[in-house]
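Read through the structure below, which is laid out as structure tokens, and then see the notes.
The values are calculated or read from the model by the stated rules, or taken from the named source; none is laboratory data. Note that this is a predicted model, so its numbers are computed, not measured. Here the Cβ positions follow ideal geometry from the backbone for every residue, glycine too, while neighbour counts run over all protein chains shown. Just the protein is used for accessible areas: all its heavy atoms, side chains included, with ligands, DNA and RNA removed. Shrake-Rupley method; radii C 1.70, N 1.55, O 1.52, S 1.80 Å.
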Amino acid sequence: MAACIAVAAEEELTVDAIHTDRLTLRAFREDDAQDLLGYLHQPGASCFLLMRLDDLPAARAAAIKRSSEPDTYALEHHPSGRVIGEVFGHLEPPDTFSIAWMIHPDLAGQGLAHEAAKAIVGHLFQQRDVRRVYAYVETDNLPSQRLCARLGMRQEGLFKEFISFENDATGKPIYVDTMQFALLKTEWAAA
């Protein structure tokens, strides 16, 4: 399960550990490389195809890069001790923060992406005083659409042939339709 989300923020997101029942959301470490390779060797959502990792050296470099990104959270699974996914973001000045999530395909459907996304959204609204959260989700990614709804997000738009993440056999881009979901802090607080 994966989605691309954005969150408004007044200041840059820092990676303070966030704890949930089954997860610790924390900064990446170099020793997370094997786990990172586990879920990015064959990304489940088309929007993450460009992040594909082919081997352990590439995963090690990716883990090191992520460890220095203050807006990237590794999702450490309590029962296994493994990193089973991530939540990451991107500041869009002046007050929008783009965020995305992905979970290891072997653990999809267990509510872990919801647990992580809910924790981040709550953290950003309560601790970071964000105003707005929005998500981009491809129309074929039904699990992430359901997750957006569970977070209380409403669909704001549909972008036809919005972006291409891969090409067909002839090299022609394959464009995908993308939905936008959003949640305001005031809506979140009212719920």
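Ligands, DNA and RNA excluded, the heavy atoms of Asp168 present near 60 Å² of accessible surface to a 1.4 Å solvent probe.
Taking the average, over residues, of other Cβ atoms within 10 Å as the packing measure, peptides 98-111, 53-66 rank 98-111, 53-66 from highest down. Estimated purely from DSSP H runs of n ≥ 4, each contributing -39500 (n - 2.57), the mean residue ellipticity at 222 nm for the chain is -7500 deg cm²/dmol once divided by its residues.
In the distance distribution for region 38-88, Cα-Cα pairs more than 13 Å apart total 63 percent. Sorting 149-160, 173-184 by average packing, meaning the other beta carbons within 10 Å per residue, from highest down gives 173-184, 149-160. In a reduced charge model with +1 at each Lys and Arg Cβ and -1 at each Asp and Glu Cβ, region 70-184 shows a dipole moment near 380 debye about its Cα centre.
Dimensions of region 98-191 based on its C-alpha atoms, expressed as ranges along the principal axes with the largest first, amount to 49, 30, 20 Å. Extension gain for Asp95 to Leu142 (0.36 nm times residue separation, less C-alpha to C-alpha distance): 14.1 nm. Surface analysis of the chain yields an accessible area of 49 Å² per residue, using protein heavy atoms and a 1.4 Å probe. Largest first, the residues Ser164, Ser68, Ser80 sort by 1.4 Å accessible area into Ser68, Ser80, Ser164. Quick one: with all protein chains in place, what share of the accessible area of the chain is carbon or sulfur, to the nearest percent (1.4 Å probe)? Roughly 51 percent of what the probe reaches on the chain is carbon or sulfur. Whole-percent P(r), the chain, all Cα pairs, 5 Å bins from 0: 1, 8, 16, 20, 21, 17, 10, 4, 1, 0, 0.
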